[in-house]
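A short reminder: the numbers here are calculations on the coordinates, not readings from a lab. Every value quoted in this text rests on a predicted model; they were computed, and no experiment measured them. Positions of Cβ are backbone-derived with ideal geometry, glycine not excepted, and every protein chain shown enters the neighbour counts.
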Ligand SMILES: Cc1cc2nc3c(=O)[nH]c(=O)nc-3n(C[C@H](O)[C@H](O)[C@H](O)COP(=O)(O)OP(=O)(O)OC[C@H]3O[C@@H](n4cnc5c(N)ncnc54)[C@H](O)[C@@H]3O)c2cc1C
Ligand code: FES
């Protein structure tokens, strides 16, 4: 997992599109080229015209190319409401790419829940995985569907309003039972989803699951200690030691 090198960038949100219920895609034009990055890296975004929120917010890199950066976010609070509603063009300041990344490898399995699809989508499009599982809460929150269908991803919703009905972790579990070569799994989703994957890893054996974790972050590069969590091996900083960790290292034996 390669360490990223961060730079400070000035940007302008020049395009915004609603993808699903409360889920938006934004395109940011940058003052300079975005550095090389890896799947799983993130950026800290500061709304430089606003007095509140003062602190920047972390977002996974959806896609970056030359002088443009694309993010996908769900509206949950102050910053995301502003990002979804402010008239465009809208100026932002950002730091990135930050954090470590998902492991490289062939024939891996991939599982994403909700917004956890954002850092994994581009790697799914590049056919890095032998099987892909994606879960959403309901049909209203399904996004990036065309690409997922092209790559024959297995899709479920919790309420069955699109795809198979049920938690994606349980379909993944069923698949693992029948899978001979289990190997490496990359995962991104909410805390409960990652916890369930850890239960599955313990039961199924012969798999290594790497998950991307979310915490509140104030700086994003290891200085403020605001993202520190306790693990069986001691305290870790999610922003700079992660956000991608082997589930075993976070949840323990
Ligand atoms: C590495 C990383 C990558 C992320 N990538 C994405 C992404 O690609 N798309 C996306 O939509 N979101 C992503 N997030 C989450 C995103 O940072 C938060 O949703 C955002 O900071 C909320 O800001 P806000 O001001 O709108 O919400 P606030 O007004 O600050 O909070 C609203 C509510 O959300 C909760 N909350 C806020 N941030 C977090 C968090 N990090 N973990 C748990 N609960 C939180 C608060 O406790 C509160 O209940 C990522 C987080 C991390 C750490
Ligand atoms: S967010 Fe500041 S140390 Fe991690």
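Could you list all residues from the range 212-227 that are surrounded by fewer than 16 Cβ atoms within 10 Å (Cβ to Cβ) and in contact with a strand residue (DSSP E or B) (Cβ under 6 Å, 6 or more places away or on another chain)?
Correct list: 222 only.
Could you please find all residues in the range 63-86 being surrounded by 12 or more Cβ atoms within 10 Å (Cβ to Cβ) and in a loop (DSSP other than H, G, I, E, B)?
Of the residues in the range 63-86, the ones surrounded by 12 or more Cβ atoms within 10 Å (Cβ to Cβ) are 63-64, 67-75, 78-84, 86.
Within the range 63-86, 67, 75, 86 meet the criteria.
Checking residue 59 against (1) part of a strand (DSSP E or B); (2) more than 13 Å from residue 13 (Cα to Cα); (3) away from ligand 1 (no atom under 12 Å from the Cβ): exactly one of these is not met. Which one?
Against the list (1) part of a strand (DSSP E or B); (2) more than 13 Å from residue 13 (Cα to Cα); (3) away from ligand 1 (no atom under 12 Å from the Cβ), residue 59 comes up short only on (3).
Name the single residue, out of those in the range 87-103 being in a loop (DSSP other than H, G, I, E, B) and in contact (Cβ under 8 Å) with a residue 12 or more places away in the chain, that is farthest from ligand 1 (Cβ to nearest atom).
My answer is 89.
Which residue, of 203, 170, 152, is farther than 27 Å from residue 127 by Cβ and either away from ligand 2 (no atom under 16 Å from the Cβ) or over 18 Å from the mean Cα position of the chain (by Cα) (or both)?
Matching residue, one of 203, 170, 152: 203.
Please go through (1) surrounded by 15 or more Cβ atoms within 10 Å (Cβ to Cβ); (2) in a loop (DSSP other than H, G, I, E, B); (3) away from ligand 1 (no atom under 16 Å from the Cβ) for residue 148 and return the number of the only condition it doesn't satisfy.
In the conditions (1) surrounded by 15 or more Cβ atoms within 10 Å (Cβ to Cβ); (2) in a loop (DSSP other than H, G, I, E, B); (3) away from ligand 1 (no atom under 16 Å from the Cβ), residue 148 misses (2) alone.
Of the residues in the range 24-56, how many are under 19 Å from the mean Cα position of the chain (by Cα), outside any loop (DSSP other than H, G, I, E, B) and surrounded by fewer than 21 Cβ atoms within 10 Å (Cβ to Cβ)?
4
Name every residue in the range 210-225 that is within 11 Å of ligand 2 (Cβ to nearest atom) and either touching a residue at least 40 places away in the same chain (Cβ under 8 Å) or over 20 Å from residue 5 (Cα atoms) (or both), in order of residue number.
To start, the set of residues in the range 210-225 that are within 11 Å of ligand 2 (Cβ to nearest atom) comprises 215-225.
Scanning the range 210-225 gives 215, 216, 217, 218, 219, 220, 221.
Just name the residue that is surrounded by the most Cβ atoms within 10 Å (Cβ to Cβ) out of those in the range 175-211 that are touching a strand residue (DSSP E or B) at 6+ places or on another chain (Cβ under 7 Å) and assigned to a loop (DSSP other than H, G, I, E, B).
In this case the residue turns out to be 189.
Restricting attention to the range 226-253, report how many residues are assigned to a strand (DSSP E or B) and within 16 Å of ligand 2 (Cβ to nearest atom). Even if it seems obvious, please write down each step before you answer.
Taking the range 226-253 first, the residues assigned to a strand (DSSP E or B) are 228-231, 234-237, 244-246.
From what's left, within 16 Å of ligand 2 (Cβ to nearest atom): 228-231, 234-237, 244-245.
Selection size over the range 226-253: 10.
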